[in-house]
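One structure is given here, and the rest of the page talks about it.
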């Protein structure tokens with residue numbers, strides 16, 4: 001298995017610095033965050049008025065310098081590819097949020113131009129005020145519309161198990177991709193997101209995904225108690241945690257991956273805030289290597 005860093009977890013470093021950090025920490029590969037960095041994020045403007053602690057906690061999404069600009073994605077990818085080649089770092093995935101129209105084709109074409117075989121597909125929220133099956137069919141229709149471009153450029157689109165979205169578990173991903181070819185569609189399996197929503201037994205999950213299992217995000221989270229509701233019941237909320245402190249059993253996950261012969265990438269996406277970025281990355285790669293060695297043994 002290759003070990004990678006997803007640059008959403010490198011918010012304070014620019015593109016060139018991110019490549020050097022990933023190399024310095026000993027990782028094999030990098031997964032690039034892709035967003036429209038020209039667009040003013042209204043949440044960022046609001047966050048600038050928030051307490052410093054809150055600004056720090058949300059820097060991954062709202063003040064991230066390790067992001068390829070969607071609006072100039074081909075040139076951004078070519079520059080990133082040159083830097084990565086010099087450093088001996090592989091680009092394993094491009095990870096935009098929902099993209100459509102010209103942005104969609106440009107991103108798929110950019111991935112193909114640099115030899116990146118996958119991009120993350122649509123991140124579509126589930127709306128509890130709308131009928132589920134209508135949203136489900138709309139989501140599948142969007143995926144179907146992407147297929148001609150994926151075939152044209154030879155790129156695979158990955159859907160991620162993500163809380164609050166249409167796809168939150170392995171079984172929901174499998175049902176969504178029913179009838180789609182695993183040559184052009186796959187799944188990003190994310191155990192940290194499934195602490196929030198969508199947990200299923202790791203062995204069952206990775207086995208049911210089969211050929212659709214294409215990429216794995218590595219982060220962790222935990223349920224924490226906080227106060228009571230009006231009936232006196234304890235309320236719980238989820239929060240991001242260091243890899244060793246969360247509820248997701250990463251050791252069990254990696255054993256399950258080894259059992260099915262998974263030889264893809266484990267991409268670190270650490271949103272915890274207890275330690276500086278480099279310290280986290282150094283500890284994380286050492287821990288993952290221990291888990292892989294133990295699983296293989």
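The values are calculated or read from the model by the stated rules, or taken from the named source; none is laboratory data. Computed from a predicted model, the values in this text were never measured in an experiment. With ideal geometry, Cβ positions are generated from the backbone for all residues, glycine too; neighbour counts draw on all protein chains shown.
Summary of values
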| item | result |
| --- | --- |
| Pick from segment 169-198, criterion without any contact (Cβ under 8 Å) to a residue 60 or more places away in the chain, touching a helix residue (DSSP H, G or I) at 6+ places or on another chain (Cβ under 9 Å) and under 14 Å from residue 248 (Cβ atoms), ranking: surrounded by the fewest Cβ atoms within 10 Å (Cβ to Cβ) | 169 |
| Any hit, segment 231-247, residues being out of contact with any helix residue (DSSP H, G or I) (no Cβ under 8 Å at 6 or more places or on another chain) and either surrounded by 22 or more Cβ atoms within 10 Å (Cβ to Cβ) or within 19 Å of residue 122 (Cβ to Cβ) (or both) | yes |
| Criterion (in contact (Cβ under 8 Å) with a residue 24 or more places away in the chain, in a strand (DSSP E or B) and under 20 Å from the mean Cα position of the chain (by Cα)) met by exactly one of 266, 281 | 266 |
| Qualifying residue in segment 237-260 (condition: more than 21 Å from residue 283 (Cβ to Cβ) and without any contact (Cβ under 8 Å) to a residue 12 or more places away in the chain) | no |
| Filtered residues of segment 103-127 (kept if closer than 14 Å to residue 167 by Cα and either in contact with a helix residue (DSSP H, G or I) (Cβ under 7 Å, 6 or more places away or on another chain) or in a loop (DSSP other than H, G, I, E, B) (or both)) | 121, 122, 123, 124, 126, 127 |
| Residue in segment 288-296 that is in contact (Cβ under 8 Å) with a residue 24 or more places away in the chain, touching a helix residue (DSSP H, G or I) at 6+ places or on another chain (Cβ under 7 Å), surrounded by 13 or more Cβ atoms within 10 Å (Cβ to Cβ) and closer than 16 Å to residue 158 by Cβ present | no |
| Answer from 48, 20 - the residue that is over 22 Å from residue 186 (Cβ atoms) and in contact (Cβ under 8 Å) with a residue 24 or more places away in the chain | 20 |
| Residue match in segment 142-149 (condition: surrounded by 12 or more Cβ atoms within 10 Å (Cβ to Cβ), assigned to a strand (DSSP E or B) and at pLDDT 95 or above) | no |
| Breaking point among (1) loosely packed, with under 13 Cβ neighbours inside 10 Å; (2) in contact with a strand residue (DSSP E or B) (Cβ under 7 Å, 6 or more places away or on another chain), for residue 279 | (2) |
| Check on residue 206, under 20 Å from the mean Cα position of the chain (by Cα), touching a residue at least 24 places away in the same chain (Cβ under 8 Å) and more than 29 Å from residue 155 (Cα to Cα) | no |
| Some residue of segment 243-257 being touching a strand residue (DSSP E or B) at 6+ places or on another chain (Cβ under 7 Å) and assigned to a strand (DSSP E or B) | no |
